[in-house]
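Please read the structure below before turning to the comments.
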Amino acid sequence: MAVRIRDHDWSSTPFGPIDDWPPALRIALGLCLNSSYPTAIYWGDDLRLLYNDAWSPIPADRHPWSLGRPAAEVWRDIWPIVGPQFEQVVATGRGVSVFDQMLPMDRGGRLAETYWNYSFTPILDDSTGVVGVLNQGHETTDLVRTAQSREFLFQAADRIRAATAPGARPGDVLSSVLPLVGNSLSALRVGYVDVNGERDVGELRGLWSAGADALKTGPLPLGALGWRDAEDGTFVAEDLADDHAFNRGVASRLVAPVARGGRVMAALFVDRATASEWSVHDRHAAREVADRLWLGHEQATSLWRLRESEARLSAIFGQSAVGLSEMALDGRFLRVNGAMARLLGRSPETLRQVTMAQLAHPDDRDDIERRFARAVQTGEAFDLEERCLRPDGSATWAVSNVTVLVDEGGGPSGFFGVTADVTDRREAERMRSLLLAELNHRVKNNLATVQALARQTQRSAVDLEDFQTTFNARLMALSRAHDLLMRETWSSAQLIELAAVTLAPFGVAAGRVTVGGDPVRLSPTAAVTMTMALHELASNAQKYGALSVPNGQVALDWTIGDDGRRLEMAWRETGGPQVSEPARRGYGCRLIERGIVQELGGEARIDFAPEGVACTLLVPLSQKVLAQ
């Protein structure tokens, strides 16, 4: 620089010929040129620039043009910052020192954020005061940006850690970190895109903007990002087509893809409104935070899905209508839901002290313990149908499906059981077996009854027509009794209803037959016997007695007599033809007398009084005949 300054034509500048330069300038310039430290001199009212070799890299592409030019012209880009500092030195005669001062310098046509340590020292003349400014300094951009990058990544890591704490949502990671990226990199907009190996469309998951922004998260064509291969892990997209709303107002975009196994999984993009130089530090910071952001977002998403899954499982576990339980390898309950506790008749706290085998019927315990032990060895699920004992001693039938739980190493760690109460099913099966047996018994009895009816009717019938009429009437009476019992699921029948149904064909509705008495319920056997007895009495009355003439009447009533120990039933006919004792007892009379005696253990008395037939039935109360 000494040669360049010596050979330069200064005569046409405010400096004038070099030989005429004042002593103060010559002394200062000598110190400057002989210093190994970057040093410059700003001289005169317009602070024209002289500098040494060590200082020449500072103006970069403005060197050597800057030599001898006014400071405000050389440093037009940073003059709003350094101009006031020069004015302060000139006005006060006191030096200024700054450290890590940010100066937005134009480098290669792009505005770059640079940092500097420098000092301005006044050059004094005894007569005129401050005649120039001595400037020494060096660039600290690398040091500052490295420290900023380190602090930025520390803050990002802290925010990611906080945003992945229990209860946080996946979006919390993005909403916490993207503003930090935007402010740190002086961005217009910052976004995070899920790519997942796709080449055409990604999913914009998070977006931060320095101002109002109408963009929303959702599907995003990767072409709109200016997508291309990133050799150093990042790429810069410029000259973006503004036909996509995503690119409007964006002059430069830095994109940091995140790749795993050769597939791009996500990308962080940072937009600026002005053409900017993306420094090595900018790219490094974007690349590092993109990678950490992807890991944090994936972790938060996994944790959120796990919490959702656990919440759903917990809800299912608690609200399930079937019993659910988690058990240790020894079969001891670790956790049960409400349905399981109700099934076993114990509180969840009490159940945690016992095993499934201990609650089973003694006859089932050995088999249950063997099944659990075998499952530990084989890892196979198994089914159990067992009797579980409640605290009151009652037994509940239950069916359990038991699955072996495994640990991270694939070994058994416990059991999970699904248990259903099948007591009702077992009872239904038992009742079905009983009903089938009962049905078989009753079918045989009914066939025997029909055979007896046919045989006895045949013996007393005058001819075939008489046989058909009498036999069909007796079958219909038997059928009506069965219909009544079927309505009561073949359990029992009310006597008043049975009498009304049986005697309906003989004039109950017309008032010729009256029925009434105390509430009495009959078993199926007693109901059939009573039906046939009443039918025979009514049939005889219709053929020979009170019901064979227009004005005849029949009254049937009963009461519980003998101090509540027997049923006393009376049949009385009035208004009919005169009655006389028959020469022989027909089948109807024998059916009444023998049926009441043999089936119900009672007594039947038939009186053929001249004014009308009277029949008294005396039946002891029992399981077949119940007073109500």
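The values are calculated or read from the model by the stated rules, or taken from the named source; none is laboratory data. Note that the coordinates shown come from a computational prediction; the quantities given were computed from them, not determined experimentally. Please note: Cβ atoms are built from the backbone with ideal geometry, for glycine as well, and neighbour counts cover all protein chains shown. Heavy atoms of the whole protein, side chains included, go into the accessibility calculation; ligands, DNA and RNA do not. Shrake-Rupley method; radii C 1.70, N 1.55, O 1.52, S 1.80 Å.
Checked against (1) surrounded by 14 or more Cβ atoms within 10 Å (Cβ to Cβ); (2) of a type in the set (Gly, Ala, Ser); (3) in contact (Cβ under 8 Å) with a residue 40 or more places away in the chain, GLY197 passes all but a single condition, namely (1).
Residues in segment 100-116 that are farther than 13 Å from LEU143 by Cα and without any contact (Cβ under 8 Å) to a residue 60 or more places away in the chain: LEU103, PRO104, MET105, ASP106.
Are there strands (runs of 3 or more DSSP E) fully within segment 85-204 with at least 3 residues that are at pLDDT below 90? List them.
Working: elements: 96-107, 110-125, 129-139, 189-194.
Per the criteria, 110-125.
For first residues located in segment 149-169 and in contact (Cβ under 8 Å) with a residue 12 or more places away in the chain, partners that are among the small types (Gly, Ala, Ser) and not in a helix (DSSP H, G or I) and lie 6+ apart or on another chain with Cβ distances below 9 Å form the pairs ALA162/ALA168.
Considering segment 230-264, and only residues there that are of a type in the set (A, V, I, L, M, F, W, C), surrounded by 19 or more Cβ atoms within 10 Å (Cβ to Cβ) and within 39 Å of the chain's Cα centre (by Cα), the residue that is farthest from SER209 (Cα to Cα) turns out to be VAL264. Just the residues that are surrounded by fewer than 19 Cβ atoms within 10 Å (Cβ to Cβ) and within 20 Å of VAL549 (Cβ to Cβ), please, taken from segment 513-522. Result: THR514, single match. Of all residues in segment 237-257, those satisfying the criterion of being among the hydrophobic types (A, V, I, L, M, F, W, C) and either over 16 Å from GLU288 (Cα atoms) or touching a residue at least 60 places away in the same chain (Cβ under 8 Å) (or both) are ALA237, LEU240, ALA241, ALA245, PHE246, VAL250, ALA251, LEU254. Looking for something open to solvent by less than 40 Å² (accessible area, probe 1.4 Å), in contact (Cβ under 8 Å) with a residue 60 or more places away in the chain and in a strand (DSSP E or B) - is there at least one such residue anywhere in segment 590-599? No, segment 590-599 contains no residue that is open to solvent by less than 40 Å² (accessible area, probe 1.4 Å), in contact (Cβ under 8 Å) with a residue 60 or more places away in the chain and in a strand (DSSP E or B). Selection of segment 6-38 for residues being open to solvent by 70 Å² or more (accessible area, probe 1.4 Å) and not polar (S, T, N, Q) yields ARG6, ASP7, HIS8, ASP9, PRO14, ASP19, ASP20, PRO23, ARG26, ILE27, LEU31, TYR37.
Report whether or not ILE41 is closer than 23 Å to VAL90 by Cα and either part of a strand (DSSP E or B) or open to solvent by 50 Å² or more (accessible area, probe 1.4 Å) (or both). Outline the logic, then answer.
Working: closer than 23 Å to VAL90 by Cα: yes; either part of a strand (DSSP E or B) or open to solvent by 50 Å² or more (accessible area, probe 1.4 Å) (or both): yes.
Against the criterion (closer than 23 Å to VAL90 by Cα and either part of a strand (DSSP E or B) or open to solvent by 50 Å² or more (accessible area, probe 1.4 Å) (or both)), ILE41 qualifies.
In the set GLU385, GLU427, GLU349, which member is among the acidic types (Asp, Glu), closer than 25 Å to SER320 by Cα, loosely packed, with under 13 Cβ neighbours inside 10 Å and more than 31 Å from the chain's Cα centre (by Cα)? Lay out the reasoning, then the answer.
Numbers: GLU385 fails: more than 31 Å from the chain's Cα centre (by Cα); GLU349 fails: more than 31 Å from the chain's Cα centre (by Cα).
Selected residue: GLU427, the only one of GLU385, GLU427, GLU349 that is among the acidic types (Asp, Glu), closer than 25 Å to SER320 by Cα, loosely packed, with under 13 Cβ neighbours inside 10 Å and more than 31 Å from the chain's Cα centre (by Cα).
In the set (1) open to solvent by 40 Å² or more (accessible area, probe 1.4 Å); (2) touching a Phe, Trp or Tyr at 6+ places or on another chain (Cβ under 8 Å); (3) outside any strand (DSSP E or B), the condition left unmet by ALA224 is number (1).
Scanning segment 476-495 for residues that are modelled with pLDDT of 70 or more and either surrounded by 15 or more Cβ atoms within 10 Å (Cβ to Cβ) or touching a Ser or Thr at 6+ places or on another chain (Cβ under 9 Å) (or both) yields SER491, SER492, ALA493, GLN494, LEU495.
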